[in-house]
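Have a look at the structure below before the remarks.
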Amino acid sequence: MIAELHCHTSEHSACSHVNAVKLIKNAYNLGLQAIVITDHHYQWDDIELKKVKQKAGVDDIFHVLAGQEILTADYGDILVYGAKNTINKQKATLKEIREKNPEAAIIWAHPYRNGKVPPKEKLLNPLLDGIEIFSSNHSVLESIRALKDWHEMKFKAIGGTDTHALSYTGAYPTLFDHPFATIEELVHELKAGRCRPYFTEIPRTGTSDTKVTEIIIGPKASQARKKIITKTFTNIDAWKEGERTFYLTKEISRHGFNKGKYRIPRPLDKDAANFSVMEDYVSGTTLHEKILAAGTEEAKEYLRKAARWLAKFHNFNFRITPADEYLSIEKVRLEYYLSKMYEKNHRETARARQILDEVWKNEVELITESPERLVQGHGDYHLKNIIVGQDEDSGEEYIAVIDFNSSFQLPRSFDVGTFIAQFKNMFFDHP
């Protein structure tokens with residue numbers, strides 16, 4: 001059962017811009033099964049709820065209940081479900097409210113907002129029945145911090161939209177294991193912890209130094225649904241690389257690659273304390289998969305689109321990272337490849353050494369003496385890093401490119417050569 005547990009009406013919350021009828025109708029149309037109105041220091045009574053539900057014209061199986069949001073002296077805002085009456089007292093303590101309402105379920109509302117980091121002892125306070133970890137009042141970074149704490153501390157958690165306008169109704173609902181029809185049944189389920197925020201969390205392919213997770217919060221029908229990719233790095237060196245990539249993609253995104261036909265995942269935020277960065281999730285299919293399934297002419301058109309993305313990127317003449325930065329990794333990379341030949345005592349090792357030295361000499365000369373010939377390259381431009389997607393609003397197809405970890409100032413031909421070499425390699429078995 002899916003329910004919205006935190007929303008405000010213009011009838012009883014001065015901060016809200018939506019009346020109860022519209023709120024109920026919208027939640028119903030989104031496919032939710034219940035809504036709990038939580039106005040500030042006001043709890044709707046059963047008669048009011050019955051009248052407003054009738055005006056909304058929703059089915060009997062859709063439940064409209066009421067709790068209330070209370071401002072406390074020590075925990076800020078809390079959500080109280082199942083209190084016998086409206087709690088009018090301002091700035092009471094959590095303990096005082098719990099003592100006067102032992103039968104109620106109490107949830108700490110949006111405790112991470114405005115950059116707050118709630119201490120463990122407050123999150124695990126037995127006077128609370130749960131923590132609201134997803135909320136419209138939490139930024140992406142704050143939501144990811146809350147999710148991390150939930151995983152580590154295993155406290156009970158809900159999602160709550162904190163709706164004040166129609167556009168984001170039901171964006172952060174809660175999924176219940178069992179149905180409920182009354183406030184008493186809701187309280188019972190909350191206290192038992194038989195619920196969780198409505199979201200999916202899927203591990204994605206990363207590296208030994210990087211954990212990649214796809215997180216989707218909210219139902220598909222919600223306009224405010226969030227799709228996030230988090231990358232968490234296991235050591236300081238990997239974090240430095242991740243932070244570098246975050247700033248680089250932020251600059252690229254700022255120049256028009258965050259929307260339209262040619263785009264990259266929009267960088268959202270970073271968390272230095274937890275070695276994590278967050279970016280928009282780009283849905284779609286890799287160019288590799290698209291070409292495998294395509295006919296000849298369709299495949300050619302996909303290649304043209306990939307070429308146009310690269311042309312647009314190169315023609316911006318980005319020069320974000322230092323011109324000589326590539327040299328700091330290239331010598332190590334070349335020597336690593338050569339070491340594999342030494343290990344196998346390969347008969348062409350001496351010849352490979354000559355080629356490597358010649359390549360290195362020419363790279364140093366090009367980068368140090370002709371930096372004007374360089375532009376910011378992708379560095380790993382191949383078919384599995386190119387996504388073909390479709391815009392949810394316009395239906396227009398777009399090309400998005402991911403994974404800028406290897407982006408340096410390079411000759412334009414580097415990305416072209418990488419693509420051709422990888423193309424030949426990936427389709428070796430598909431002539």
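Set side by side, the residues 78, 87 differ, and just one is assigned by TED's automatic domain parsing to the domain that holds residue 20 and assigned to a strand (DSSP E or B), which is 78. Among the residues of region 46-97, just one is among the polar types (S, T, N, Q), surrounded by 15 or more Cβ atoms within 10 Å (Cβ to Cβ) and more than 33 Å from the chain's Cα centre (by Cα), namely 86.
Take the conditions (1) under 26 Å from residue 28 (Cβ atoms); (2) of a type in the set (Gly, Ala, Ser); (3) out of contact with any Lys or Arg (no Cβ under 7 Å at 6 or more places or on another chain); residue 76 misses just one of them, which is (1).
Among the residues of region 128-147, is there at least one that is β-branched (Val, Ile, Thr), out of contact with any helix residue (DSSP H, G or I) (no Cβ under 9 Å at 6 or more places or on another chain) and not assigned by TED's automatic domain parsing to the domain that holds residue 219? The answer is yes; a qualifying residue exists.
Being more than 27 Å from residue 230 (Cβ to Cβ) and outside any helix (DSSP H, G or I), is that true of even one residue in region 372-384?
Yes, region 372-384 contains a residue that is more than 27 Å from residue 230 (Cβ to Cβ) and outside any helix (DSSP H, G or I).
Among the residues of region 375-393, those identified as over 14 Å from residue 406 (Cβ atoms) and either outside the structural domain of residue 331 (by TED's automatic domain parsing) or touching a helix residue (DSSP H, G or I) at 6+ places or on another chain (Cβ under 7 Å) (or both) are 375, 383, 386, 388.
Can you pull out every residue in region 62-79 that is of a type in the set (Ser, Thr, Tyr) and free of Cβ contacts under 8 Å to residues at least 40 places away in the same chain? Let's see the steps before the verdict.
So the first thing to find is which residues in region 62-79 are of a type in the set (Ser, Thr, Tyr), and the list is 72, 75.
Result: 72, single match.
Scanning region 254-276 for residues that are in contact with a helix residue (DSSP H, G or I) (Cβ under 7 Å, 6 or more places away or on another chain) and either over 22 Å from residue 226 (Cβ atoms) or not assigned by TED's automatic domain parsing to the domain that holds residue 226 (or both) turns up just one, 262.
Could you check, for region 188-195, whether at least one of its residues is modelled with pLDDT of 95 or more, in a helix (DSSP H, G or I) and either closer than 26 Å to residue 115 by Cβ or among the acidic types (Asp, Glu) (or both)? There is at least one residue in region 188-195 that is modelled with pLDDT of 95 or more, in a helix (DSSP H, G or I) and either closer than 26 Å to residue 115 by Cβ or among the acidic types (Asp, Glu) (or both).
Tell me, which residue of region 199-223 that is closer than 15 Å to residue 4 by Cβ and at pLDDT 90 or above is surrounded by the fewest Cβ atoms within 10 Å (Cβ to Cβ)?
So the residue we want is 199.
Total residues in region 1-33 satisfying the condition of being more than 14 Å from residue 57 (Cα to Cα) and either without any contact (Cβ under 8 Å) to a residue 40 or more places away in the chain or among the hydrophobic types (A, V, I, L, M, F, W, C) (or both): the figure is 15. If I filter region 243-253 for residues that are at pLDDT 95 or above, aliphatic (A, V, I, L, M), not assigned by TED's automatic domain parsing to the domain that holds residue 17 and not in a loop (DSSP other than H, G, I, E, B), do I get at least one hit? Yes, region 243-253 contains at least one residue that is at pLDDT 95 or above, aliphatic (A, V, I, L, M), not assigned by TED's automatic domain parsing to the domain that holds residue 17 and not in a loop (DSSP other than H, G, I, E, B).
In the set 312, 340, 361, which member is modelled with pLDDT of 95 or more and within 30 Å of residue 431 (Cα to Cα)? First the steps, then the outcome.
Details: 340 fails: modelled with pLDDT of 95 or more; 361 fails: within 30 Å of residue 431 (Cα to Cα).
Result: 312 is the single residue among 312, 340, 361 that is modelled with pLDDT of 95 or more and within 30 Å of residue 431 (Cα to Cα).
The values are calculated or read from the model by the stated rules, or taken from the named source; none is laboratory data. Keep in mind it's a predicted model, so treat the numbers as computed, not measured. Positions of Cβ are backbone-derived with ideal geometry, glycine not excepted, and every protein chain shown enters the neighbour counts.
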